[in-house]
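The values are calculated or read from the model by the stated rules, or taken from the named source; none is laboratory data. Since this is a predicted model, take the numbers as computed values, not measurements. Here Cβ is always computed from backbone atoms with ideal geometry, including for glycine, and neighbour counts include all displayed protein chains.
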């Protein structure tokens, strides 16, 4: 049994190859785009809203509220990235229930790719919000001596993101496979249900952590403002 | 190696494409529609609040109008009550005045009736007294009442005081010079015999010392009486004195009865 779907290669040509991870990712993307197209082709204000639209509005509304609560900022700029992250992981894990489907999140390559995206998204959002200087000033806080530790922190948390998701999903699939060999009846079904639940929790955790990292990077601007306000009030006194 | 670099790169590209597509086809559309709906709901709430404010203002306005109308109604009611009271006072005064007038009219009517009654009583009493006296004198004294009356009148003429006699004489002479000899009249309640007429002519001549021929007239209103009169003077004898006494007595009775009826009211 393969631990990672990367090893299941369908087509190969020189350095390029199409493995199960890429194919399943495309499938997930297709499903998501199909649902999006179905839900948004007839968007209406009122009075009767389609079930697709209501469902997506609920999901996106939930994402929006969560981001707003965590970042304490306007959530709209973050929604496309973080929402896509959540939906991709969530749908990938959900499709795990289909026999023969290998979720792309069960590949360390995929989770690494997602973690790398988060890794680069953090400074992009932070610089966009606080500016180049203010953002990189955070790495020198509270002291210059902390710079190496801050950089290590950045990498380690990215690595943790990738490994956490990979480990959970891969282990779920693997345990289900092993149990299928040992006890082919009933037990794998229960494990599949647990797997679905764990998959959704992992999607939530991954997105929340990414939100916290991006939010804290973007928070530099607010901290700067607060600092200036504090200094201003002290001068007035 | 668990991590395949090629796969990582492809997944990064896949994910970025997914982000782009979802942003375009899902998030932007859904967020726009949510925002529009929120905006519309907010607008509707604002409109509803505005309408509520307007309604409250209108309600306040209507309340003020109603209070104003109630005040006006109460003022008008009080004014009408005052007017009614004043009108009632006026009408009561007018009614009292009318009652007083009716009462005065009634009293005047009573007075008139009393006067008429007394006059009629006097006339009838005189007639009866005359009839009875005449009968009594005729039957018991074999004497005519008329003769007795004429005698009494002649005695009265003879006993006239000097001043009255002169005044009468002067008045009779004045009438004689102005118009006719018949300016002096002798009125009786009964027809006179020729003898009585001659006697009376003789006495008148003595009284006036003049050639006056009085004219004789019968006047039932004199009631058992006889009078000699010129233009402005009169000498008479009748049962007036007796009748005056009787009238005064009856008037007293009327007055007593009226006071008694007033006390009863």
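Just give me the residues in the range A:143-154 being within 19 Å of the chain's Cα centre (by Cα) and modelled with pLDDT of 85 or more, in sequence order.
Scanning the range A:143-154 gives a single hit, A:153.
Report yes if some residue within the range A:6-22 is within 19 Å of residue B:22 (Cα to Cα) and crowded, with 18+ Cβ neighbours inside 10 Å; otherwise report no.
So far as the range A:6-22 goes, yes, one or more of its residues are within 19 Å of residue B:22 (Cα to Cα) and crowded, with 18+ Cβ neighbours inside 10 Å.
Looking at (1) in contact with a helix residue (DSSP H, G or I) (Cβ under 8 Å, 6 or more places away or on another chain); (2) over 24 Å from residue A:56 (Cα atoms); (3) at pLDDT below 90, which one does residue B:1 not meet, given that it meets all the others?
Answer for residue B:1: the failing condition is (1).
Scan (1) surrounded by fewer than 10 Cβ atoms within 10 Å (Cβ to Cβ); (2) in contact with a strand residue (DSSP E or B) (Cβ under 6 Å, 6 or more places away or on another chain) for the single condition residue B:156 breaks and write down its number.
Result: residue B:156 passes all but (1).
Can residue A:49 be described as in contact (Cβ under 8 Å) with a residue 24 or more places away in the chain, over 17 Å from residue B:12 (Cβ atoms) and more than 7 Å from chain B (Cβ to nearest Cβ)?
Against the criterion (in contact (Cβ under 8 Å) with a residue 24 or more places away in the chain, over 17 Å from residue B:12 (Cβ atoms) and more than 7 Å from chain B (Cβ to nearest Cβ)), residue A:49 does not qualify.
Going by the structure shown, is residue B:41 more than 7 Å from chain A (Cβ to nearest Cβ) and either closer than 22 Å to residue A:48 by Cβ or touching a strand residue (DSSP E or B) at 6+ places or on another chain (Cβ under 7 Å) (or both)?
yes
Could you list, in sequence order, the residues of the range A:6-15 that are part of a helix (DSSP H, G or I) and more than 7 Å from every other protein chain (Cβ to nearest Cβ)?
The answer is A:7, and nothing else.
Residue check, residue B:202 against (1) over 14 Å from residue B:230 (Cβ atoms); (2) part of a helix (DSSP H, G or I); (3) at pLDDT below 80, all met but one. Which one?
(3)
Using the structure shown, decide if residue A:18 is within 28 Å of residue A:113 (Cα to Cα), under 19 Å from the mean Cα position of the chain (by Cα) and facing another protein chain (nearest Cβ under 10 Å).
No; evaluated as a whole, the condition is false for this residue.
Residue B:15 passes all but one of (1) within 12 Å of chain A (Cβ to nearest Cβ); (2) closer than 22 Å to residue A:44 by Cα; which number fails?
(2)
The rows are residues; the columns are (1) in contact (Cβ under 8 Å) with a residue 40 or more places away in the chain; (2) more than 8 Å from chain B (Cβ to nearest Cβ); (3) surrounded by 21 or more Cβ atoms within 10 Å (Cβ to Cβ).
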site: A:37; (1), (2), (3): no, no, no
site: A:66; (1), (2), (3): yes, yes, no
site: A:93; (1), (2), (3): yes, yes, yes
site: A:101; (1), (2), (3): yes, yes, no
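Take the conditions touching a strand residue (DSSP E or B) at 6+ places or on another chain (Cβ under 8 Å) and either within 14 Å of chain A (Cβ to nearest Cβ) or closer than 25 Å to residue A:87 by Cβ (or both) and apply them to residue B:25. Does it pass?
For residue B:25, the condition - touching a strand residue (DSSP E or B) at 6+ places or on another chain (Cβ under 8 Å) and either within 14 Å of chain A (Cβ to nearest Cβ) or closer than 25 Å to residue A:87 by Cβ (or both) - is not met.
If residue A:88 satisfies every condition in (1) farther than 27 Å from residue A:26 by Cβ; (2) at the interface with another protein chain (Cβ under 9 Å from one of its Cβ atoms) but one, which is the exception?
All conditions are met except number (1).
Within the range A:126-142, is even one residue touching a residue at least 60 places away in the same chain (Cβ under 8 Å) and either within 14 Å of chain B (Cβ to nearest Cβ) or under 12 Å from the mean Cα position of the chain (by Cα) (or both)?
No, there is no match, as no residue in the range A:126-142 is touching a residue at least 60 places away in the same chain (Cβ under 8 Å) and either within 14 Å of chain B (Cβ to nearest Cβ) or under 12 Å from the mean Cα position of the chain (by Cα) (or both).
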